[in-house]
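The values are calculated or read from the model by the stated rules, or taken from the named source; none is laboratory data. Small disclaimer: the values here were computed from a predicted structure and weren't measured. Glycine gets a Cβ as well: all are built from the backbone with ideal geometry, and neighbour counts include every protein chain shown.
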Amino acid sequence: MSVAVLACGMTTPIGLTGPAACAALRARYDNFADTRFISHSGDWIIGAEVPLDPPRRGRERLIEMLRGPIRECLAAVPPPEAANVPVLICVAEKDRPGRTRGIDEGFVEDVMRAVGMAPHAESRTIAYGRVGGAVAMRDARDLIAKGAKYVIVAGADSLLVGESLSAYDRQDRVLTASNSNGFAAGEAGAAVLVGPAAAGGLTLLGLGFAREEAHVTSGQPLRADGLVAAMRAGLGEAGIDFSAVDYRISDLSGEQYYFKEAALAMTRVLRKRKEQMDIWHPVDGFGHTGAAVLPLILGICLTAGRKGYAPGPTVMAQTADDDGRRGVMILRMEG
C-alpha cells in the first residue's frame, strides 16, 4: 500500500515550529555558538541549542521538544480520528554514550500526556538512532496496511550532553576551532504525519536497509558497500533508476568520512549521465540531531515540495549510523 507524508512539525535551534524552522533553514540561518563544554585540546565545543522557555534538561527536555511537533501533525488529522493515531518515537540507540536516561519505559505515555492525549496501543519507541526514522516509516506503512488511517513518526534527541560530547571528543569527532573534521552538536524534536498517498503529499516509493562493515570507527578501508546496497534496495523497490532522482538529502554532519561515503556511493550507483543532482544536508542549520534527523528531513522535503523550491519531485533521503546501519528512502512529491 502506498503511503505519504502529509504534515510535519519541528522544534529546532532555528525555529520552534515546522514553518519557522524550514524558513530559517532556507534562509541559511543557524544558531551555532560555543557551548559550555571544553574539548581535550582546550577549545570550546561548538553546538546549537533549542531555546526552550523555561529551560528543561534530560528526559523532560526531549518530551518538551516532541510536544509541539506532534500537535502540529495532529492538527492535520480530522478530529474524530485524532485519538486513533499511533505514534512511533525515534530515540537514540541504546549503546550511545550519554544517552538520555528513562526513555525506554513510559516515555511514549509521558509524551502523549504532555500532548494532552492517551497513547494508542501501537505507539512505541524505536531505538535505532539516525536510521530509526527509516525503520519507523517501514513500520508506519505496515500499520496503515493493517488498517490504521494515520501514523505519526516522530523523533527527539540531543547531543548537547557532557558524557556524549566527552566520548566523541576523545575520538576527535566534534567540531572545535582546532578540529574542522567533526560535527557540531545539536538537538531537535520533529514529527511527520503519515497516511494513504494523496495529492499534495510526499509519497514513499521505496525503502532500503543495509550494514556497512567499514563504519566510521572501524579503521577499515571504505568502499561504501553498505550505503550502495541500501540505495540499490530502495531504488529497486521504487522501480526507478538513480538517474530519475532529482536530488538527495542526507544527515551529513561535517565529518569527512560521511561525505566520502556519500560520494563513493553515488559514483557506484549512478550509471546514466546526469548534469546535476544536489545533495542537501540540513544538519548545517540544526547541528547533529541524532534520532530526530529523519523526521526533520521528511518535513523539510514536504515543505520544499509544497512551496516549489525543491529541485524536482523525486528525492533520495539517506542516513548512516556510526555502528554501520544504513537506511535509504525514495520519495516523490505528488501534485
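Summary table below
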quantity: Qualifying residue in the range 89-108 (condition: over 15 Å from Gly132 (Cβ atoms), of a type outside the set (D, E, K, R) and buried (at least 21 other Cβ atoms within 10 Å of the Cβ)); calculated: no
quantity: Strands (runs of 3 or more DSSP E) lying entirely in the range 212-324 (those with 2 or more residues that are among the β-branched types (Val, Ile, Thr) and surrounded by 23 or more Cβ atoms within 10 Å (Cβ to Cβ)); calculated: 314-320
quantity: Residue match in the range 110-124 (condition: outside the structural domain of Gly327 (by TED's automatic domain parsing) and closer than 21 Å to Ala185 by Cα); calculated: no
quantity: Hits in the range 45-75 - residues which are within 19 Å of Thr303 (Cβ to Cβ) and surrounded by fewer than 21 Cβ atoms within 10 Å (Cβ to Cβ); calculated: Gly68, Arg71, Ala75
quantity: Per-region count, the range 198-211, residues surrounded by fewer than 19 Cβ atoms within 10 Å (Cβ to Cβ) and more than 16 Å from Ala265 (Cβ to Cβ); calculated: 3
quantity: Condition check for Met112: at pLDDT 95 or above and touching a His at 6+ places or on another chain (Cβ under 9 Å); calculated: yes
quantity: Filter result (within 16 Å of Gly234 (Cα to Cα) and not polar (S, T, N, Q)) within the range 299-335; calculated: Val315, Met316, Ala317, Ala320, Arg325, Arg326, Gly327, Val328, Met329, Ile330, Leu331, Arg332
quantity: Filter pass, Val293 being assigned by TED's automatic domain parsing to the domain that holds Leu165 and closer than 27 Å to Val77 by Cα; calculated: no
quantity: Lone unmet requirement of (1) closer than 28 Å to Asp284 by Cβ; (2) part of a helix (DSSP H, G or I) for Pro80; calculated: (1)
quantity: Count of residues meeting criterion [in contact with a strand residue (DSSP E or B) (Cβ under 9 Å, 6 or more places away or on another chain) and of a type outside the set (A, V, I, L, M)] in the range 69-95; calculated: 7
quantity: Selected residue [assigned by TED's automatic domain parsing to the domain that holds Thr12 and assigned to a strand (DSSP E or B)] from Ala148, Ala154, Ala136; calculated: Ala154
